[in-house]
Amino acid sequence: MTRRTCLAIVLAAGEGTRMRSALPKVLHAIAGRSLLAHVLTAVADLSVTTTAVVVGPGQDAVAAEARRVAPSAACFVQHDRRGTAHAVLAAKAAFARRPDDVLIVYGDTPLIRAATLKRLRAPLAAGAAVAVLAFRPADPSGYGRLIVAGDKLIAIREEADASATEKAIGLCNGGIMALAGTHALAILQHIDNHNRKAEFYLTDAVEVANGMKLNAVAIEVEEDDVRGINSKGQLAEAEAVAQQRLRTAALDLGVTLVAPETVFLSADTKFGKDVVVEPYVVFGEKVTVEDQAVIHAFSHLVGAHVGKGASVGPFARLRPGTRLGAGARIGNFVEVKEAVIEAGAKANHLSYIGDASVGANANVGAGTITCNYDGAEKHRTAIGKDAFIGSNSALVAPVEIGAGAYIGSGSVITEDVPAGALALGRGRQVVKDGAAARLRALRSLAKRKARSRD
Ligand code: UD1
Ligand code: CA
């Protein structure tokens, strides 16, 4: 069998008014990735021939996101928002290559998977002109209802136009449709806007196809695959499903999640073998954790690479640009940003390490701060291998601490320290024998004087 060519059209021109947000709906994120990026990733996994994205006028940010995720996708602008069929026709130029299949996916249906899209295309190869993903949601309100007769799909009725009997139908439109390329344009051009909202509904493709004596079918799938997002409540529900899937995938990979329901992952989180993640850990975008590393409870990681056997937390914060070498240790209340911590180096307690490099096996004592920002610019701190930074030191960048150097506790280091040197940058301690008693006596005298004055 020859491979069928496929044009995928992603509709992203929605207003999304029910999101009550200045951000375009499809740019809202679940699992650290925009709704649009989830859809485009599923479409790419299907290896379609061409991808078109329909955006609203002035939605440059949406077009930019489409280009970032799918550089080969063509963007089309739907100038007036006149319905989903009208939106598809905004991408009419993309039909010129006469694809075998036309797949239409809504940008607000982010949980769709390539395997499900594949199932939707199957009936086209068998001669159907229209195939629709159907599901039975717990709450059907807001969705289009499917009117079926036997295994034939007769029509889709939008909720606004549905009668009471039609509203009672539990089988709903998942909002994802496949059209046979040979008939797609003819069907779309026949759709009118004679409905409550005076919109050109893509869903009317079913009735139009039936009128042309063509076949329409519904393929029933799980609700999770086709959840549409029109509100923040639905966004949160989709996030829960995405998290559930990511946790299951991590467990299947052999990651130990002590309390999976408390761990939040991103769609791009990567784990090696025998990784342990304790409860209440958040993985933002772009985190890689290598074999045998342990992420202790209540840690927050974004844009960080955790090396083999490294240990993070509890209560650690790894920000973008953090790279931990093998066996490195970042302990409680330590924040790291734009910093390389080489193999075996440690910062175990209460520190800020930003715009820095920490050499292999160096020890950064409790309370050490890299003072990287002077109010105008950021500067770098370089700590050599095997260096020892005494507790509560302030390293005022730009500054370099040589290999094996030793910084006395409580130092404020403003000048470079050569390799192997000892640096002390603090006030000298004064000790006065027996002076404690004299001090107390002076104090009580002062108190008595004050009282006699009252
Ligand atoms: C749509 C379906 C409904 C289905 C539901 C599934 C129609 C008419 N209705 O309803 O049957 O059950 O999805 O989630 O298709 N868009 C444009 N241009 C437009 C209108 C919409 O690009 O002129 C885009 C939106 O950005 C969105 C998608 O198309 O990504 C769907 O539009 P939306 O308004 O969310 O449709 P629903 O009312 O949810
Ligand atoms: Ca929707």
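The values are calculated or read from the model by the stated rules, or taken from the named source; none is laboratory data. What you are looking at is a predicted structure, and each value in this text was computed from that prediction instead of being measured. So basically every Cβ, Gly included, is an ideal-geometry build from the backbone, and we count neighbours across all protein chains shown. These accessible areas exclude ligands, DNA and RNA; they are computed on the full protein's heavy atoms, side chains included. Shrake-Rupley method; radii C 1.70, N 1.55, O 1.52, S 1.80 Å.
Per the conditions (1) buried (at least 19 other Cβ atoms within 10 Å of the Cβ); (2) modelled with pLDDT under 95, the sole criterion not satisfied by L301 is (2). Exactly one residue out of A8, A52 is away from ligand 2 (no atom under 16 Å from the Cβ), free of Cβ contacts under 8 Å to residues at least 60 places away in the same chain and of a type outside the set (D, E, K, R), and it is A52.
A382 satisfies every condition listed in (1) in a loop (DSSP other than H, G, I, E, B); (2) under 19 Å from T322 (Cβ atoms) except (1).
Against the list (1) on the phi < 0 side of the Ramachandran plot; (2) within 12 Å of ligand 1 (Cβ to nearest atom), the condition A198 fails is (1).
Residues of the stretch 317-336 that are assigned to a loop (DSSP other than H, G, I, E, B) and either among the polar types (S, T, N, Q) or open to solvent by less than 10 Å² (accessible area, probe 1.4 Å) (or both): A328 alone. Cβ contacts < 7 Å: first residue in contact (Cβ under 8 Å) with a residue 12 or more places away in the chain and within 27 Å of A37 (Cα to Cα), restricted to the stretch 252-277; second residue open to solvent by less than 30 Å² (accessible area, probe 1.4 Å) and aromatic (F, W, Y), any location; separation 6+ or different chain. Result? Going by the 7 Å Cβ cut-off, the qualifying pairs are F264/F283; L265/F283; S266/F283; T269/F283.
Per-residue answers, yes or no, for (1) modelled with pLDDT of 95 or more; (2) in a helix (DSSP H, G or I); (3) closer than 18 Å to G331 by Cα; (4) charged (D, E, K, R):
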| site | (1), (2), (3), (4) |
| --- | --- |
| L235 | yes, yes, no, no |
| A242 | yes, yes, no, no |
| A249 | yes, yes, no, no |
| A267 | yes, no, no, no |
| F315 | yes, no, yes, no |
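Every listed requirement among (1) touching a Ser or Thr at 6+ places or on another chain (Cβ under 9 Å); (2) crowded, with 16+ Cβ neighbours inside 10 Å; (3) within 16 Å of T51 (Cα to Cα) is met by A114 save one, (2). Every listed requirement among (1) within 12 Å of ligand 1 (Cβ to nearest atom); (2) within 26 Å of the chain's Cα centre (by Cα) is met by N173 save one, (2). Scanning the stretch 404-454 for residues being exposed (fewer than 10 other Cβ atoms within 10 Å of the Cβ) and part of a loop (DSSP other than H, G, I, E, B) gives a total of 10.
Under the condition of being among the acidic types (D, E) and more than 9 Å from ligand 1 (Cβ to nearest atom), the residues counted in the stretch 103-150 number 1.
For the stretch 225-244, the candidate set comprises residues that are more than 13 Å from ligand 1 (Cβ to nearest atom) and in contact (Cβ under 8 Å) with a residue 40 or more places away in the chain; within that set, the residue that is most open to solvent (accessible area, probe 1.4 Å) is K232. Based on what the data block shows, is P137 assigned to a loop (DSSP other than H, G, I, E, B), buried (at least 24 other Cβ atoms within 10 Å of the Cβ) and in contact with a helix residue (DSSP H, G or I) (Cβ under 6 Å, 6 or more places away or on another chain)? No: the conditions fail for P137.
The residues listed here are T203, T165; of these, the one that is in a helix (DSSP H, G or I) and either on the phi > 0 side of the Ramachandran plot or open to solvent by less than 60 Å² (accessible area, probe 1.4 Å) (or both) is T203. Return yes when L253 is within 13 Å of ligand 1 (Cβ to nearest atom) and within 18 Å of A267 (Cα to Cα) and no when it is not. So L253 fails the test. Is it fair to say A339 is open to solvent by less than 20 Å² (accessible area, probe 1.4 Å), farther than 21 Å from G425 by Cα and in a strand (DSSP E or B)? The answer is yes for A339. Checked against the criterion of being at pLDDT 95 or above and under 16 Å from K25 (Cα atoms), the candidates V88, V69, V62, V102 yield just one match: V62. Hey, does the stretch 216-225 have a residue that's modelled with pLDDT under 95, under 28 Å from K92 (Cβ atoms) and among the small types (G, A, S)? Looking through the stretch 216-225, none of the residues is modelled with pLDDT under 95, under 28 Å from K92 (Cβ atoms) and among the small types (G, A, S).
For (1) within 13 Å of ligand 1 (Cβ to nearest atom); (2) touching a Lys or Arg at 6+ places or on another chain (Cβ under 6 Å); (3) of a type in the set (V, I, T), each residue gets a yes or a no:
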| residue | (1), (2), (3) |
| --- | --- |
| N193 | yes, no, no |
| A205 | yes, no, no |
| G211 | no, no, no |
| V221 | yes, no, yes |
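One line per residue, one yes/no per condition, for (1) part of a loop (DSSP other than H, G, I, E, B); (2) surrounded by fewer than 17 Cβ atoms within 10 Å (Cβ to Cβ):
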site: G142; (1), (2): yes, yes
site: L146; (1), (2): no, no
site: I156; (1), (2): no, no
site: A160; (1), (2): no, yes
site: G170; (1), (2): yes, yes
site: M177; (1), (2): no, no
site: T182; (1), (2): no, yes
site: I187; (1), (2): no, no
site: H194; (1), (2): yes, yes
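Candidates in the stretch 38-58 are the residues that are surrounded by fewer than 24 Cβ atoms within 10 Å (Cβ to Cβ) and within 19 Å of E239 (Cβ to Cβ); of these, the one that is nearest to the chain's Cα centre (by Cα) is T41.
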